[in-house]
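Engineer: Before anything else, here's the structure in question.
The values are calculated or read from the model by the stated rules, or taken from the named source; none is laboratory data. Keep in mind that what you see is a predicted model, and the values were worked out from it rather than measured. FYI the Cβ positions are ideal-geometry reconstructions off the backbone, even for glycines, and counts take in every protein chain you see.
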Ligand code: FDA
């Protein structure tokens, strides 16, 4: 299976520090990274947030990192978010939720043995507190299917004190239509994406047509529901159907938003915003970009095509 060979090769690359050093220093990869990642520092994240704000777009910022089994690293990630939120608030970018943050629980220690879930909840709670002080919100990213229940439980805990905490649901999972129904209540912020991890057929659709069909079903539930749908896709057909569903359900432009990744279809991002829609750009920053890009490409062949396509398109 050629895709399995490619996958294991890329997985190996993602762990090979010599290769990593070479790739990080190569001038071409700097350009590639600049296209998808704001930079390595808090200042870079604030600068890109300001640029997007000036262009009439919202942002959600992700401090890169995931799957940590190191307590100190989990604390470092929490502190990076606290620092980021303070800097964004100082720059007057957070009020009304214009710039919010996206958080991976695995980066906050969810997978640590013994008390990982408790620890990641505590860290997420601190980040939610800082976001609330800054006048903005937090959205929990969704990772592989073995963490879905734990992440939704953590979400429910956080929502007791911070009801505007958002969640991500992945349309490739068979369970997701049901999760959408559960989360389509008033005030509930749900980001619907297709899903980026390698998942077994027992839990996920593999066929693109099936994933897209399930995406539309899930989107219909969210758009017809009482919550706040966040349509995270670069797929022109999905974007078009989202617009029709919003019209059909008499949704005002401020009752849902489109979300796209930084560097992917930037002209489309601007077109949607200029047409009066709310558009939020997901902006990753930090040192961990190499693992993020290479791992995503290794997990699903379609992710590789996804990043490559962005390099040749506007
Ligand atoms: P897909 O990749 O299926 O592409 C469909 C069509 O879109 C293409 O045929 C093409 O027409 C167009 N297109 C796509 N990319 C293009 C490009 N670069 N240039 C031009 N056209 C392009 N995943 C996850 O598992 N957990 C998470 O928490 C998140 N969070 C998240 C937040 C946000 C804001 C976004 C946008 C995405 C995520 N994802 C995610 C990633 C998501 O699951 C998915 O992997 C990617 O968004 C790719 O799927 P698409 O829906 O964009 O379309």
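Engineer: Taking the range 282-295, which residues are within 11 Å of the ligand (Cβ to nearest atom) and at pLDDT below 75?
Structural biologist: Within the range 282-295, no residue meets the criteria.
Engineer: When the range 137-177 is examined, which residues are found to be out of contact with any helix residue (DSSP H, G or I) (no Cβ under 9 Å at 6 or more places or on another chain), surrounded by fewer than 19 Cβ atoms within 10 Å (Cβ to Cβ) and in a helix (DSSP H, G or I)?
Structural biologist: 146, 149, 156, 159, 160
Engineer: Restricting to the range 219-249, name every residue that is without any contact (Cβ under 8 Å) to a residue 60 or more places away in the chain, within 12 Å of the ligand (Cβ to nearest atom) and within 24 Å of residue 165 (Cβ to Cβ).
Structural biologist: Scanning the range 219-249 gives 219, 231, 233, 242.
Engineer: Name the residue, out of 165, 139, 148, that is away from the ligand (no atom under 12 Å from the Cβ) and at pLDDT 95 or above.
Structural biologist: Going through 165, 139, 148 in turn, the sole match is 165.
Engineer: Could you tell me whether residue 124 is more than 24 Å from residue 266 (Cα to Cα) and either modelled with pLDDT of 95 or more or in contact with a strand residue (DSSP E or B) (Cβ under 8 Å, 6 or more places away or on another chain) (or both)?
Structural biologist: Yes, satisfied.
Engineer: Of all residues being free of Cβ contacts under 8 Å to residues at least 40 places away in the same chain and within 13 Å of the ligand (Cβ to nearest atom) in the range 255-270, which is surrounded by the most Cβ atoms within 10 Å (Cβ to Cβ)? Just the residue, please.
Structural biologist: Checked the range 255-270; the qualifying residue surrounded by the most Cβ atoms within 10 Å (Cβ to Cβ) is 258.
Engineer: Pull up the range 47-65, narrow it to residues that are in contact with a helix residue (DSSP H, G or I) (Cβ under 8 Å, 6 or more places away or on another chain) and buried (at least 20 other Cβ atoms within 10 Å of the Cβ), then point me to the one that is farthest from residue 276 (Cα to Cα).
Structural biologist: By that ranking, first place goes to 65.
Engineer: Given 298, 252, which one is within 24 Å of residue 34 (Cα to Cα) and more than 13 Å from the ligand (Cβ to nearest atom)?
Structural biologist: So the residue among 298, 252 that is within 24 Å of residue 34 (Cα to Cα) and more than 13 Å from the ligand (Cβ to nearest atom) is 298.
Engineer: Could you please give the count of residues in the range 178-218 that are assigned to a loop (DSSP other than H, G, I, E, B), within 18 Å of residue 146 (Cβ to Cβ) and away from the ligand (no atom under 11 Å from the Cβ)?
Structural biologist: So the count comes out to 6.
Engineer: Another question, if that's okay. Mind checking which residues of the range 36-65 are within 15 Å of the ligand (Cβ to nearest atom) and not in a helix (DSSP H, G or I)?
Structural biologist: 37, 38, 57, 58, 59, 60, 61, 62, 63, 64, 65
Residue-wise test of (1) closer than 22 Å to residue 58 by Cβ; (2) touching a strand residue (DSSP E or B) at 6+ places or on another chain (Cβ under 7 Å); (3) surrounded by 14 or more Cβ atoms within 10 Å (Cβ to Cβ).
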| residue | (1), (2), (3) |
| --- | --- |
| 203 | no, yes, yes |
| 206 | no, no, no |
| 219 | yes, yes, yes |
| 229 | yes, yes, yes |
| 233 | yes, yes, yes |
| 236 | yes, no, no |
| 242 | yes, yes, yes |
| 245 | yes, no, yes |
| 251 | yes, no, yes |
